[in-house]
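In what follows, a structure is listed as structure tokens, so that the remarks can point back to it.
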Amino acid sequence: MAQVVIRNLNKKFDEVHAVKDVNLQINDKEFMVFVGPSGCGKTTTLRMVAGLESITSGEVLINDTVVNELPPMDRDIAMVFQNYALYPHMSVYDNMAFGLKMRKFDKAEIAQRVQEAADILDIGPLLKRKPRQLSGGQRQRVALGRAIVRHPQVFLFDEPLSNLDAKLRVQMRVELKKLHNRLGTTAIYVTHDQVEAMTLGDRVVVMKDGLVQQVGAPLELYNRPANRFVAGFIGSPAMNFLPVTLADTDGSLWAVGPEFRVKPPAAMAGRLRGHTGKAVLLGIRPEDLRVTNGADPADHTFEATVEVTEQLGSEILLDLTAGPAPMVASVEPTVTAKVGDRLRLAFNPDRLHVFDSQTEASI
Amino acid sequence: MAIATIGAAARQNRQRNPRPRNRLLEDERWLAFTLLMPTAILLGLFIAYPFFKGVMLSLSSSRVGIEGDFVGLANFAKIWNDSIFRTAVWNTFWYTAVTTVFKLGFGLWLALLLNRHFKGKAYIRAAILLPFIIPTVLSTFAWKWMFDPTFSVINWALFKVGLISARINWLGDPDLAMASIIVVNVWRAVPFFAISLLAGLQTISPELQEAAAIDGARPWQRFWYVTWPLLLPVTMVVVLFSVIQTFADFQLVYVMTGGGPANATHLFATYAYQIGIGTGLLSEGAAISLAMFPFLLLIVVVQLLYIRRVETR
């Protein structure tokens, strides 16, 4: 049982206010992912939970105990670092055993726990090697092993996969997920990769400029982003944003762009009424766009010119312009579009997003 | 047909690029020889020849102005029975051992402090090097003045504080004189240790300290299990350099005490100088100098073997 609570957490480095009033509750057995661009404060927040960074104001609680003043060793946490931070002069076995030795476990217990972790991670044959004799993926496993032998209350991961090549990263991601399912230890995972965040997290915290933008399950962030930043950050390729004006014509609401005009679905109209006559941002994900088959109502279609086509095999990414507005559409691989073609695109009206252009909040 | 064409082409090729029959440097052996020549001449002229000359001198009865004859190991037999030489040998070992321990201790301590983040770090680090930058003879003269029986600022300070009531004759007492030159040597070399070890410390990732802290290691355990083993190769090289330099030290003792009082602070080098140049017994001085060689060789070999073991671990 371990839950982590963060209350009004702040961190200032001289001039820089790196973490601003962060409030979070990470439940027992939960896999929580902090995601955001570099410098958003996610790693600093993690390091404050670890005790590696002093807390400017606010509180961190592990199991209802304020740990602000506790040194890292007394917080019962384990951390996996981006560069693995394996002790280069110690064997794999000694690396994994170090934390247990420091905590004065007896030799038999240490041997048993290290063997257990080595079996889980499939690194049994490597125990006698030195870190420099291992590949990146193997080092990563040893770093994980060092964390799990201690049976800590909380795992902290600081971008653990970012030094691996793309293929290995996908593989380790799956293994991390399996490991968490098996051990069920509460985990906080920091990454700048939204795919890792979506696939690993039970819940995801999106941060920017030291502020929490949104907290929620991966699909919640994807389907109902709280603001333009979250909408653009989650999902790949990123959501398209089209500046439009909301206009009331003949009693119905239209989103009017420079060279197109679409009708938001009736379900949204109520929320949008208040913004009539104002400039807003229309958000459409590339995967919610398709080439019209003629059966789509004219209200939900518009014309665009193909600028670039990217063949991915399973889909085609079209870079288009609708008037001055650039956008990306992910369409069926059967579409035969060439550069310069003018296409009529249809969007899925249920998956339209609208953002206030001033506050960038979702409407 | 095809073969004939290839043969013709090869012939043509040969005509265009004639084989270098008379070009000596095209031969790798000659090229290597030529390239190595300047180094070989320099090493031979300035290291091998003086060394050889020193050996020959030590086996002769040369004095200043007198060529002398070959006398075999007579000079070595003579210094073996020379009580001052024995004192000098003992002094050299004692001087080297004690200063190395203190230099390493203070140097490491200073390096660990300087490895932290604080304001004006760069200036302090630069300032630390000052004792090392000043010419040894100059700084040693300053120290000599501080240890002067009449004008000693150290005596003055101790007297004002009330710790002593009579003057201490720092350089006049055999034990105090040895302690004094040890202090000056440590003072002069600590910066070298501190900066070298600091460079070593900076190659150790701070993440390792953090990992160890999370693993439950207390500060001194982090030092002992993580920092120290990783710093060991650098430490060994620094100690090796320092030992060689200290073992063959000359300037400091020559300026401070001249080997006195009553030959109590002679080292190999100062005694060799006194006998060889001061007294003019060139051959005996050479023998004393050479007697240093086997000791130094042993120390260097042992340390190099140890360094190799540490590095391949």
(request) Can you give me the ranges of the strands (runs of 3 or more DSSP E) entirely in the range A:165-266 with at least 1 residues that are open to solvent by 10 Å² or more (accessible area, probe 1.4 Å) and β-branched (Val, Ile, Thr)? (result) A:211-216, A:240-249, A:252-256
(message) Suppose we filter B:Tyr273, B:Tyr306 for residues that are of a type outside the set (D, E, K, R) and at pLDDT below 90; which single one remains?
(response) B:Tyr306
(message) touching a residue at least 40 places away in the same chain (Cβ under 8 Å), of a type in the set (Ser, Thr, Tyr), under 16 Å from B:Leu267 (Cα atoms) and surrounded by 13 or more Cβ atoms within 10 Å (Cβ to Cβ): which single residue out of B:Thr100, B:Thr140 fits that description?
(response) B:Thr100
(request) Could you check, for the range A:156-163, whether at least one of its residues is away from chain B (no Cβ under 14 Å) and either of a type outside the set (Ser, Thr, Tyr) or part of a helix (DSSP H, G or I) (or both)? (result) yes
(message) So for the range B:224-231 (the condition being more than 9 Å from chain A (Cβ to nearest Cβ) and touching a Leu at 6+ places or on another chain (Cβ under 8 Å)), does at least one residue qualify?
(response) yes
(request) Can you work out which of the residues in the range A:65-102 that are without any contact (Cβ under 8 Å) to a residue 24 or more places away in the chain and part of a loop (DSSP other than H, G, I, E, B) is nearest to the other protein chains (Cβ to nearest Cβ)? (result) A:Pro71
(message) Tell me whether the range B:177-193 contains one or more residues that are under 30 Å from A:Pro72 (Cα atoms), within 31 Å of the chain's Cα centre (by Cα) and crowded, with 17+ Cβ neighbours inside 10 Å.
(response) no
(message) Looking only at the range B:194-205, filter to residues that are under 20 Å from B:Arg222 (Cα atoms) and surrounded by fewer than 20 Cβ atoms within 10 Å (Cβ to Cβ); which one of those is nearest to the other protein chains (Cβ to nearest Cβ)?
(response) B:Ser205
(message) Out of B:Leu230, B:Leu208, I need the residue that is free of Cβ contacts under 8 Å to residues at least 60 places away in the same chain, buried (at least 16 other Cβ atoms within 10 Å of the Cβ) and touching a His at 6+ places or on another chain (Cβ under 8 Å). Which one?
(response) B:Leu230
(request) Scan the range B:147-183 residue by residue and report those that are farther than 16 Å from B:Ala262 by Cα and acidic (Asp, Glu). (result) B:Asp148
(request) Kindly provide the set of residues from the range A:342-363 that are surrounded by fewer than 16 Cβ atoms within 10 Å (Cβ to Cβ) and more than 25 Å from A:Arg271 (Cα to Cα), ordered by number. (result) A:Arg342, A:Arg344
(request) Search the range A:4-50 for residues being hydroxyl-bearing (Ser, Thr, Tyr) and open to solvent by 10 Å² or more (accessible area, probe 1.4 Å), and hand back the single one that is farthest from the chain's Cα centre (by Cα). (result) A:Thr44
(message) Restricting to the range A:51-63, name every residue that is crowded, with 20+ Cβ neighbours inside 10 Å and within 14 Å of chain B (Cβ to nearest Cβ).
(response) A:Gly51, A:Leu52, A:Ile62
(request) Could you tell me which numbered condition B:Met178 fails, if it satisfies all but one of (1) outside any helix (DSSP H, G or I); (2) aliphatic (A, V, I, L, M); (3) more than 30 Å from B:Val310 (Cα to Cα)? (result) (1)
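Scanning for something hydrophobic (A, V, I, L, M, F, W, C), assigned by TED's automatic domain parsing to the domain that holds A:Arg139 and at pLDDT below 90, does the range A:75-96 turn up at least one residue?
To start, the set of residues in the range A:75-96 that are hydrophobic (A, V, I, L, M, F, W, C) comprises A:77-81, A:85-86, A:90, A:92, A:96.
Narrowing further to those that are assigned by TED's automatic domain parsing to the domain that holds A:Arg139: A:77-81, A:85-86, A:90, A:92, A:96.
Applying the additional criterion that residues be at pLDDT below 90 yields none.
No, the range A:75-96 has no match at all.
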(request) Return only the number of the condition from (1) within 11 Å of chain B (Cβ to nearest Cβ); (2) outside any helix (DSSP H, G or I); (3) open to solvent by 40 Å² or more (accessible area, probe 1.4 Å) that A:Arg129 does not satisfy. (result) (1)
(request) Could you check, for the range A:285-299, whether at least one of its residues is part of a loop (DSSP other than H, G, I, E, B), at pLDDT below 85 and of a type in the set (D, E, K, R)? (result) yes
(message) For the list (1) open to solvent by less than 30 Å² (accessible area, probe 1.4 Å); (2) out of contact with any Gly (no Cβ under 9 Å at 6 or more places or on another chain), I need the number of the one condition that A:Ala295 fails.
(response) (1)
(request) Report yes if B:Thr235 is within 12 Å of another protein chain (Cβ to nearest Cβ), among the polar types (S, T, N, Q) and buried (at least 18 other Cβ atoms within 10 Å of the Cβ), otherwise no. (result) no
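One line per residue, one yes/no per condition, for (1) of a type in the set (D, E, K, R); (2) touching a strand residue (DSSP E or B) at 6+ places or on another chain (Cβ under 8 Å); (3) surrounded by 11 or more Cβ atoms within 10 Å (Cβ to Cβ):
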residue	(1), (2), (3)
B:Lys121	yes, no, yes
B:Pro135	no, no, no
B:Asn155	no, no, yes
B:Lys160	yes, no, no
(message) Any residue that is within 23 Å of the chain's Cα centre (by Cα) and closer than 26 Å to A:Gln171 by Cα - is there at least one of those in the range A:62-78?
(response) yes
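Would the range B:5-19 turn up any residue that is modelled with pLDDT under 85, of a type in the set (S, T, N, Q), open to solvent by 60 Å² or more (accessible area, probe 1.4 Å) and not in a helix (DSSP H, G or I)? Lay out the reasoning, then the answer.
Looking only at the range B:5-19, we keep the residues that are modelled with pLDDT under 85, and these are B:5-19.
Next, only the ones that are of a type in the set (S, T, N, Q) stay: B:5, B:12-13, B:15, B:17.
With open to solvent by 60 Å² or more (accessible area, probe 1.4 Å) added as a condition, the list becomes B:5, B:12-13, B:15, B:17.
Still in the running and not in a helix (DSSP H, G or I): B:17.
So far as the range B:5-19 goes, yes, one or more of its residues are modelled with pLDDT under 85, of a type in the set (S, T, N, Q), open to solvent by 60 Å² or more (accessible area, probe 1.4 Å) and not in a helix (DSSP H, G or I).
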(request) Could you figure out which of (1) aliphatic (A, V, I, L, M); (2) within 12 Å of A:Asn348 (Cα to Cα); (3) open to solvent by 30 Å² or more (accessible area, probe 1.4 Å) isn't true of A:Ile284? (result) (3)
(request) Inspect the range A:350-363 for any residue being assigned to a loop (DSSP other than H, G, I, E, B) and on the phi > 0 side of the Ramachandran plot and give the result as yes or no. (result) yes
(message) Let me confirm something: among A:Ala117, A:Ala108, which residue is in a helix (DSSP H, G or I), small (Gly, Ala, Ser) and over 31 Å from the mean Cα position of the chain (by Cα)?
(response) A:Ala108
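Based on what the data block shows, is B:Trp94 open to solvent by 30 Å² or more (accessible area, probe 1.4 Å), among the aromatic types (Phe, Trp, Tyr), over 14 Å from B:Phe295 (Cβ atoms) and assigned to a helix (DSSP H, G or I)?
no
The values are calculated or read from the model by the stated rules, or taken from the named source; none is laboratory data. It should be emphasised that the depicted structure is a prediction, and the values quoted were computed from it without experimental measurement. Every residue, glycine as well, gets a Cβ built from its backbone with ideal geometry; the counts of neighbours run over all protein chains shown. Only protein heavy atoms, including side chains, enter the accessible area calculation; ligands, DNA and RNA are left aside. Shrake-Rupley method; radii C 1.70, N 1.55, O 1.52, S 1.80 Å.
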